[in-house]
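Asks: Take a look at this one; I'll ask things after.
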Amino acid sequence: MRPAESRLRVPAQTNILEQLPVNGRVAIVRLRSLGDCVLSTPAIGILNHARPDLRIGVVVEDRFADVFRGNPAIAEVLPPTVRAVRAFAPDLCVNLHGGTRSARLTLLSGAKYRAGFDIFRPAFAYNTPIPTAQETLDITRRVHTAEHMASAMFYLGVERTWIPRAFVPAPPGRSPRAPEGPYAVIHPMAATAEKTWPAASFIEAAKFIRDSIHLEPVFVGGPDDDLTPFPDWRTVVGAPLAEVAQLMRDASLFVGNDSGPAHVAAAFGLPMVVLFGPSDAEIWSPWRTVGKVLKSTGAIEDIAVADVLRAIERVHSVHEAHR
């Protein structure tokens with residue numbers, strides 16, 4: 001880090017994008033997790049649209065790198081090391097993650113402009129503090145995560161615009177894991193028990209999907225997920241993210257808990273029903289797709305199966321009517 005750059009404090013309301021050279025470089029720090037990474041892609045997309053000459057690199061943990069690989073707005077996917085970020089030589093480094101590790105990467109990036117939300121600590125890591133989304137967007141309501149990250153780009157100089165759907169690349173062709181006919185993807189897992197609807201309830205939903213709307217259910221899970229409660233159903237466990245994205249892209253419906261795969265499904269515009277326990281649905285609901293969020297007022301298992309079946313039927317019928 002050069003001494004002059006460490007002392008630079010960018011005045012508020014400075015249009016940072018106008019200060020960047022033609023063909024300059026921007027590093028975006030977004031270490032994890034799956035949902036956050038997916039929901040950062042609208043912000044990256046609008047930055048690329050505003051300044052297509054800029055070379056954008058995303059700093060991310062390897063297990064989430066496939067969210068960004070193949071995205072035409074992104075020139076490089078970088079490992080989360082100071083050496084890699086400094087070698088990229090960014091003119092601007094934007095921390096969309098928060099936390100001490102991402103702050104260190106931003107501080108030591110070598111970038112002239114080091115941007116992060118002004119609530120991020122330590123404050124000295126940033127010479128370009130970004131106000132809250134409410135201040136930038138001149139609103140008082142709570143904002144979705146996609147809006148929150150996009151607001152950083154608006155503050156840095158992107159002209160205010162519509163925030164698009166997330167983008168997740170998927171290989172061409174039909175997934176070898178997909179059934180021959182139309183199908184629905186069900187993700188019955190979540191990070192915690194409090195966010196996980198009961199397996200028996202998901203089985204009831206799968207029966208309804210198969211018998212009433214004539215889609216074959218496909219249960220998906222990560223490498224550490226246990227799908228043994230669903231022995232009578234097609235399952236996909238531990239597939240690489242690119243293959244999961246391919247499976248999602250060609251599905252006709254998604255049903256699942258509030259989790260990363262729900263945001264992957266939303267990136268393809270799938271009609272969906274998503275079940276929320278303690279998480280905030282205003283902040284984490286599916287972005288830019290036809291969907292129904294069912295939020296429990298108590299434990300997630302209190303969400304009635306009958307309510308989920310009605311939501312599935314309604315979401316599917318609305319989607320079919322607009323095809």
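Asks: Checking S259 against (1) under 15 Å from I300 (Cβ atoms); (2) of a type in the set (G, A, S); (3) not assigned by TED's automatic domain parsing to the domain that holds V315, which test does it fail?
Replies: Against the list (1) under 15 Å from I300 (Cβ atoms); (2) of a type in the set (G, A, S); (3) not assigned by TED's automatic domain parsing to the domain that holds V315, S259 comes up short only on (3).
Asks: Just one of A123, A103, A111 is surrounded by 23 or more Cβ atoms within 10 Å (Cβ to Cβ) and of a type in the set (A, V, I, L, M); which is it?
Replies: Working: A123 fails: surrounded by 23 or more Cβ atoms within 10 Å (Cβ to Cβ); A103 fails: surrounded by 23 or more Cβ atoms within 10 Å (Cβ to Cβ).
The conditions single out A111.
Asks: Which residues, counting only those in region 259-300, are of a type outside the set (A, V, I, L, M), surrounded by 16 or more Cβ atoms within 10 Å (Cβ to Cβ) and not in a loop (DSSP other than H, G, I, E, B)?
Replies: G260, P261, H263, F276, W284, G291, K292, K295
Asks: Quick one: would you say T228 is surrounded by 17 or more Cβ atoms within 10 Å (Cβ to Cβ), modelled with pLDDT of 95 or more and outside the structural domain of R32 (by TED's automatic domain parsing)?
Replies: Working: surrounded by 17 or more Cβ atoms within 10 Å (Cβ to Cβ): no; modelled with pLDDT of 95 or more: yes; outside the structural domain of R32 (by TED's automatic domain parsing): yes.
So T228 does not fit the description; no.
Asks: Same structure, new question: For region 68-107, what are the residues that are farther than 26 Å from N15 by Cβ, outside any loop (DSSP other than H, G, I, E, B) and not hydrophobic (A, V, I, L, M, F, W, C)?
Replies: Result: R83, T100, R101, R104.
Asks: Residue check, L20 against (1) surrounded by 16 or more Cβ atoms within 10 Å (Cβ to Cβ); (2) within 22 Å of I163 (Cα to Cα), all met but one. Which one?
Replies: Result: L20 passes all but (2).
Asks: Then there's this: Can you tell me which residue within region 301-319, out of those that are farther than 20 Å from A200 by Cβ and surrounded by 18 or more Cβ atoms within 10 Å (Cβ to Cβ), is modelled with the highest pLDDT?
Replies: Among those residues, the one meeting the criterion is V315.
Asks: Separate question: Tally the residues that are crowded, with 18+ Cβ neighbours inside 10 Å and outside any strand (DSSP E or B), restricting the search to region 244-258.
Replies: Step one: filter region 244-258 for residues crowded, with 18+ Cβ neighbours inside 10 Å, giving 244-249, 251-258.
Those left that are additionally outside any strand (DSSP E or B): 244-249, 251-252, 258.
Residues meeting the conditions: 9.
Asks: Can I ask one more? Got a number for residues in region 1-38 being at pLDDT 80 or above and of a type outside the set (D, E)?
Replies: So the count comes out to 22.
Asks: Same structure, new question: With the requirement that a residue be small (G, A, S) and free of Cβ contacts under 8 Å to residues at least 24 places away in the same chain, what does region 57-89 give you?
Replies: Restricting attention to region 57-89, the residues satisfying the condition of being small (G, A, S) are 57, 65, 70, 73, 75, 84, 87, 89.
Those that are small (G, A, S) and free of Cβ contacts under 8 Å to residues at least 24 places away in the same chain: A65, A75, A87.
Asks: Looking only at region 281-309, which residues are touching a Lys or Arg at 6+ places or on another chain (Cβ under 9 Å), of a type in the set (D, E, K, R) and in contact (Cβ under 8 Å) with a residue 40 or more places away in the chain?
Replies: E282, R288
Asks: Only one residue in G116, G110 is in a strand (DSSP E or B), closer than 25 Å to D53 by Cβ and over 18 Å from the mean Cα position of the chain (by Cα), so which one is that? Quick ask: steps written out before the conclusion?
Replies: Details: G110 fails: in a strand (DSSP E or B).
The match here is G116.
Asks: Of the conditions (1) under 17 Å from A262 (Cβ atoms); (2) at pLDDT 95 or above, P182 fails just one. Which one is it?
Replies: With (1) under 17 Å from A262 (Cβ atoms); (2) at pLDDT 95 or above applied to P182, the lone miss is (1).
The values are calculated or read from the model by the stated rules, or taken from the named source; none is laboratory data. These numbers were taken from a predicted model, which means no experiment stands behind them. Cβ coordinates were reconstructed from backbone atoms using ideal geometry, including for glycine residues, and neighbour counts include every protein chain displayed.
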